[in-house]
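Participant: Take a look at this one; I'll ask things after.
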Amino acid sequence: MAAFEIGQAVKVRAEHPLRPQPIHIRTPWYLRGKHGVVERRFGEFHNPEHLAVGQYDTPEVTLYWVRFTMDELWAGEGSYGSNDSLIVEIYEHWLVSQF
Amino acid sequence: MEEEADMAERGVHDMGGEAGGPVDNHEHVPTLSERRVDALMQLMRANPRSYWVVDEMRRTIESLTPEHYNAAGYYEKWAYALRGLLIEKGVVTEAEIDAKLAEVKSRVAEQSEKC
């Protein structure tokens, strides 16, 4: 069911749905377009973007932990330690596979 | 291209990675009005008659104009969300809220005249 495996390289979709219509997106702006690695798979949950507009019964989506290096997030160009990273919860529909 | 999109579409709340200025870490005792807002929010979301889910509350808060969002405190944002969702879900009408607000304002004005 889940599209991504643990350890798989992924990219966060560089999408920016239009405001100001009422939306609620849990994928932070600063992560969009960034590359990371799948750390863990949590399971299936309702899509918060649908719940936010009162749609409670749409199909569930997989929620992942994705690890990003600080260098990737903040254009550190090697200035951060190689273990400096950030783990963020991201829903499957915001991720694409990177080979 | 993406830089232009950033300016137009980033929500005011979505500030991760931006310079946010100093953070006030002082503890404070919640005021009576803050506790009332909290209680009302819990009641509206309590089973079995939960009127909305947390994502709907966040959507209303994140849809505030930047001016409203930046000027409002934590529980003021909750109060805006309560107002919007109570109306949206048909629990009360905007006219009912406005009538009650007018009643309370005139009562407060009368009391302060007596002082």
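The values are calculated or read from the model by the stated rules, or taken from the named source; none is laboratory data. Since the model is a prediction, treat every value here as computed from it, not as a measurement. Every residue, glycine as well, gets a Cβ built from its backbone with ideal geometry; the counts of neighbours run over all protein chains shown.
To keep it simple, each residue is scored yes or no on (1) more than 14 Å from chain A (Cβ to nearest Cβ); (2) at pLDDT 85 or above; (3) exposed (fewer than 10 other Cβ atoms within 10 Å of the Cβ); (4) within 22 Å of residue B:80 (Cβ to Cβ).
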residue	(1), (2), (3), (4)
B:2	no, no, yes, no
B:7	no, no, yes, no
B:18	no, yes, no, no
B:35	yes, yes, no, yes
B:41	yes, yes, no, yes
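Participant: So, of the residues in region A:27-77 that are among the aromatic types (Phe, Trp, Tyr) and more than 14 Å from every other protein chain (Cβ to nearest Cβ), which turns out to be surrounded by the fewest Cβ atoms within 10 Å (Cβ to Cβ)?
Facilitator: Our first condition is that a residue be among the aromatic types (Phe, Trp, Tyr); within region A:27-77, this holds for A:29-30, A:42, A:45, A:56, A:64-65, A:68, A:74.
Still in the running and more than 14 Å from every other protein chain (Cβ to nearest Cβ): A:42, A:64-65.
On the way: A:42: 12, A:64: 27, A:65: 16.
Once the filter is applied, the top-ranked residue is A:42.
Participant: Then there is this: With the structure loaded, tell me whether residue B:112 is in a helix (DSSP H, G or I), loosely packed, with under 10 Cβ neighbours inside 10 Å and of a type in the set (Gly, Ala, Ser) or whether it fails that test.
Facilitator: yes
Participant: Could you give me the residue pairs with C-beta distances under 7 Å whose first residue belongs to region B:59-88 and is among the basic types (Lys, Arg) and at pLDDT 95 or above, whose second residue is buried (at least 17 other Cβ atoms within 10 Å of the Cβ) and assigned to a helix (DSSP H, G or I) wherever it lies, and which are 6+ apart or on separate chains?
Facilitator: Final answer for the pair search is B:77/B:61.
Participant: Right, something else. Across region B:59-108, which residue is farthest from the chain's Cα centre (by Cα) among those that are in a helix (DSSP H, G or I) and over 21 Å from residue B:36 (Cβ atoms)? Quick ask: steps written out before the conclusion?
Facilitator: Applying the first criterion (in a helix (DSSP H, G or I)) to region B:59-108 yields B:59-62, B:66-71, B:74-88, B:94-108.
Then keep just the ones that are over 21 Å from residue B:36 (Cβ atoms); that gives B:59, B:62, B:66-67, B:69-70, B:95.
Details: B:59: 11, B:62: 10, B:66: 13, B:67: 13, B:69: 9, B:70: 12, B:95: 18 Å.
Only one residue tops the list, namely B:95.
Participant: A follow-up question, please. Only residues that are more than 14 Å from the chain's Cα centre (by Cα) and facing another protein chain (nearest Cβ under 9 Å): list them for region A:1-23, please.
Facilitator: A:17, A:18, A:19, A:20, A:21, A:22, A:23
Participant: Taking strands (runs of 3 or more DSSP E) that do not extend beyond region A:23-99, which have at least 2 residues that are in contact with a His (Cβ under 6 Å, 6 or more places away or on another chain) and at pLDDT 95 or above?
Facilitator: A:60-69
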